[in-house]
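Structure first, commentary second.
The values are calculated or read from the model by the stated rules, or taken from the named source; none is laboratory data. Model, not experiment: these values are computed from the prediction. Counting neighbours? That spans all protein chains shown, and the Cβs are built from the backbone with ideal geometry, glycine included.
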Amino acid sequence: MNNSQPDNSPLEIDALGKMISLHLDSNISEEQFSQLQHTLEIDESARDFYVDFIAIHSQLEQIHKAGFSNRESLNALIQEPKAPSKMPYFMLMGLPAALIVVICVWITSQLPDPPVEKPVAVQVIVPEIVDYHVTVADTHEVRFFNQDPLSIGDHLEGDKIYKLDGGQLELLFITGVKTTITAPATFAITGENEINVSAGILMAKVTTPKGKGFTVRTPGGPVRDIGTLFGVEIDNAGTSGVQVFKGEVELADSRGKTVNLIEGNTMRRAAGKDQWLPEARLSRKFYSVIQRNKQALTPNIVLLPEQVQNIFGADEHVGKSYLLYSPTSLFDRIQDANFLSARAEISPHYAVVYFNETTAEWELPSNESLIPFTPAATDLVLALIESSGPPKGPKKREITYFSGTQDHIHGIASGYQSGDLQLIPDRFRGEVNLGEYMLDGTYFIRNSE
């Protein structure tokens with residue numbers, strides 16, 4: 001009996017290059033395309049190679065393209081005018097009259113022929129197509145308004161207005177900047193490291209020295225990159241919002257005054273207003289777009305639910321505890337009656353947990369007792385909570401977030417790239433409740449494996 005299963009391992013680099021070539025030449029089979037998609041989904045280095053391959057392919061194609069093609073003249077042929085025929089007019093006239101006519105005819109014959117009009121050459125001016133070397137890296141159900149579709153490897157025309165009616169477009173700038181644009185959107189490529197967006201949602205990832213300074217021009221003013229990952233949202237009224245996920249950006253207002261926005265923060269400039277102002281977060285549509293298409297630029301991003309997450313704590317605990325994230329619902333992992341009965345009140349993916357030094361076990365509170373649990377490989381410790389104070393009564397709690405770190409704590413991975421998490425102690429469902437917690441924020445980005 002043959003028990004072999006389909007090969008789900010990622011493609012090796014040589015096979016990956018051949019598969020991408022087949023894809024660009026439209027010669028890839030459905031099975032090969034499925035294997036290519038699988039590799040890009042599970043292997044971040046394969047995705048980077050994929051984008052670089054497309055960029056090189058596009059540049060080589062430009063080099064070998066022919067120059068301007070010969071154009072046929074657009075002028076119609078202009079026929080030479082024919083001289084009118086001359087007929088003697090001396091019938092019924094006497095000889096003197098006939099002589100006069102003959103003399104007139106002779107004089108006329110001695111005059112030079114009128115000049116023949118030559119065709120006038122009409123010069124057809126063909127506008128020059130500006131190419132800032134911005135390449136289509138991928139498309140997802142893309143649909144443009146009254147414009148031809150774009151395919152992987154195509155170059156976008158510079159200074160041309162594109163209206164994206166549906167889907168998502170991934171672009172690669174020659175400077176190495178990667179962006180995604182989500183419909184409905186109106187935009188134009190205005191430079192090798194610049195884009196003008198008047199409507200829509202854009203995510204930009206800047207990881208190369210040449211990409212530093214990448215600029216998104218919005219109705220609210222230019223957004224200039226100083227860091228690595230940020231998003232822009234522009235609604236139909238022209239209100240502009242910016243969220244920085246990692247690094248830093250510089251915002252300019254209508255008076256030219258600039259302000260820097262660092263990771264985890266958001267600013268918005270309303271249509272018709274002069275200044276950028278702090279904002280709690282962008283619209284849920286913005287974060288839904290990231291969640292739905294997060295493989296594009298942010299494969300490791302984890303978005304928090306819109307509602308504040310309520311978390312049980314051990315009320316009288318003094319010492320260390322930790323904020324844990326579990327991709328799998330805790331209600332599927334913890335089979336405890338008291339814990340399961342509270343599922344309508346507490347977060348299914350976030351918990352405050354404790355490590356029992358005596359039993360060397362991790363424990364999770366059920367509001368009445370501590371329940372031992374076995375860590376999963378995908379669990380992640382996000383923050384340290386240090387509680388101090390008397391055995392009974394309020395405690396002082398200091399919270400240290402593990403943003404920008406990568407480590408392990410008693411067998412569980414800890415740390416993340418960046419985020420805007422905020423753990424609020426002694427609060428539950430918006431009210432004061434000693435020993436419990438609320439978790440607010442929009443996202444955090446896991447470290448790459």
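Between 309, 291, the distinction of being without any contact (Cβ under 8 Å) to a residue 60 or more places away in the chain and not small (Gly, Ala, Ser) belongs to 291 only.
Of everything in the range 392-449 that is of a type in the set (Gly, Ala, Ser) and under 20 Å from residue 364 (Cα atoms), the residue that is surrounded by the fewest Cβ atoms within 10 Å (Cβ to Cβ) is 411. Which one is surrounded by the most Cβ atoms within 10 Å (Cβ to Cβ) among residues in the range 137-153 that are in contact (Cβ under 8 Å) with a residue 60 or more places away in the chain and farther than 20 Å from residue 199 by Cβ? Applying the filter and picking the extreme gives 137.
When 329, 321 are checked against the criterion of being modelled with pLDDT of 90 or more, crowded, with 18+ Cβ neighbours inside 10 Å and of a type in the set (S, T, N, Q), 321 stands alone in meeting it.
Checked against (1) farther than 20 Å from residue 293 by Cα; (2) free of Cβ contacts under 8 Å to residues at least 40 places away in the same chain, residue 202 passes all but condition (1).
Of the residues 233, 170, 194, the single one that is surrounded by 17 or more Cβ atoms within 10 Å (Cβ to Cβ) and in contact with a His (Cβ under 9 Å, 6 or more places away or on another chain) is 170.
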